[in-house]
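*Asks:* Handing you a structure now.
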């Protein structure tokens, strides 16, 4: 697979107003990624890519992340079948974040079994301090059936 | 302002399936935040909060971030007037990310002057390697008029 090369970051004008992809990776070599559903607009997940994952995602047109818990490239859906086809990728102003708009085969993106990882609302303002409220009441799949005894990626 | 206390992270079940807010801050004391427009669903920006910013956002009902470039609390809109009123806040499965759904007074969230920070598309698949394409053709405001000579937050 021929990964597209990234441009060097040379000026603020180039990064903010230019047409070259010159991503900024953090001190761990990672860039945060926001993934939304192309149809509903819902934020499905927040994850990270290293340069190789970003290059593969661009070339393949399917989301490939870097798993911080497993420390390896993570072609989303390789285990679960819930592949994310990239319908649009966007970069932000200073190019230190990527937004993916995806179609999700299977309709779920969360390892807990929900459609979105963001299945709980945090009360704000007058309701600050009240318990979180679930925004999804039913899981789309049974994580035990899909992932078996694979280690849970959530870290305390 | 009485900031709500956060719960201690004690078990994966509590963090993933519970109703307590037990956020995980990274080694810099920060948690990433995805901010979308309540109406269009568009991702407006990706930023960070420390514990104090998160607590203030919850209590105030307006987005307060931590500025990594200026190293201070950043009540969005204090300079530009483009306040983000939080209509819904969500936490993700492992509670290491926050999603804000906001109303933006003034209709813009990007310091470059665009509505969204994500105003450029990255070609993928068959079009990999082609130049970025602008998704917004006109700025909503003139950053020079709004921010004057304040230092640009973009870092190379």
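The values are calculated or read from the model by the stated rules, or taken from the named source; none is laboratory data. Treat the numbers as computed from the prediction; the structure is a model and nothing was measured. With ideal geometry, Cβ positions are generated from the backbone for all residues, glycine too; neighbour counts draw on all protein chains shown.
*Asks:* Please work out which residue is surrounded by the most Cβ atoms within 10 Å (Cβ to Cβ), limiting yourself to the range B:4-30 and to residues that are in contact with a helix residue (DSSP H, G or I) (Cβ under 7 Å, 6 or more places away or on another chain) and facing chain A (nearest Cβ under 10 Å).
*Replies:* B:23
*Asks:* Does residue B:120 qualify as being surrounded by 15 or more Cβ atoms within 10 Å (Cβ to Cβ), under 15 Å from the mean Cα position of the chain (by Cα) and at pLDDT 95 or above?
*Replies:* no
*Asks:* Residue A:145 - would you say it is at the interface with chain B (Cβ under 8 Å from one of its Cβ atoms) and not in a loop (DSSP other than H, G, I, E, B)?
*Replies:* When the stated conditions are applied, residue A:145 does not pass them.
*Asks:* Suppose we keep only residues that are in contact with a helix residue (DSSP H, G or I) (Cβ under 6 Å, 6 or more places away or on another chain) and touching a residue at least 24 places away in the same chain (Cβ under 8 Å) within the range B:62-76. Which one would you say is farthest from residue A:127 (Cα to Cα)?
*Replies:* Top of the filtered list is B:66.
*Asks:* Another question, if that's okay. Could you tell me which residue of the range A:39-57 is surrounded by the fewest Cβ atoms within 10 Å (Cβ to Cβ), considering only residues that are within 22 Å of residue B:125 (Cα to Cα) and modelled with pLDDT under 95?
*Replies:* My answer is A:39.
*Asks:* With respect to residue A:20, is the statement that it is under 27 Å from residue A:119 (Cβ atoms) and at pLDDT 95 or above true?
*Replies:* no
*Asks:* Here is a further query. Kindly indicate which of A:82, A:73 is under 14 Å from the mean Cα position of the chain (by Cα) and either part of a helix (DSSP H, G or I) or closer than 21 Å to residue A:24 by Cβ (or both).
*Replies:* None of the other options fit; the residue is A:73.
*Asks:* Can you tell me which residue among B:127, B:85, B:101, B:115 is within 12 Å of chain A (Cβ to nearest Cβ), surrounded by fewer than 20 Cβ atoms within 10 Å (Cβ to Cβ) and in contact (Cβ under 8 Å) with a residue 24 or more places away in the chain?
*Replies:* Selected residue: B:85, the only one of B:127, B:85, B:101, B:115 that is within 12 Å of chain A (Cβ to nearest Cβ), surrounded by fewer than 20 Cβ atoms within 10 Å (Cβ to Cβ) and in contact (Cβ under 8 Å) with a residue 24 or more places away in the chain.
*Asks:* Still on this structure: Of everything in the range A:48-61, what is more than 8 Å from chain B (Cβ to nearest Cβ) and either part of a helix (DSSP H, G or I) or without any contact (Cβ under 8 Å) to a residue 24 or more places away in the chain (or both)? Give them in sequence order.
*Replies:* Of everything in the range A:48-61, those that are more than 8 Å from chain B (Cβ to nearest Cβ) and either part of a helix (DSSP H, G or I) or without any contact (Cβ under 8 Å) to a residue 24 or more places away in the chain (or both) turn out to be A:48, A:51, A:52, A:53, A:54, A:55, A:56.
*Asks:* Which condition does residue A:108 not pass, out of (1) more than 10 Å from every other protein chain (Cβ to nearest Cβ); (2) under 11 Å from the mean Cα position of the chain (by Cα); (3) crowded, with 22+ Cβ neighbours inside 10 Å, if it passes all the others?
*Replies:* Failing condition for residue A:108: (2).
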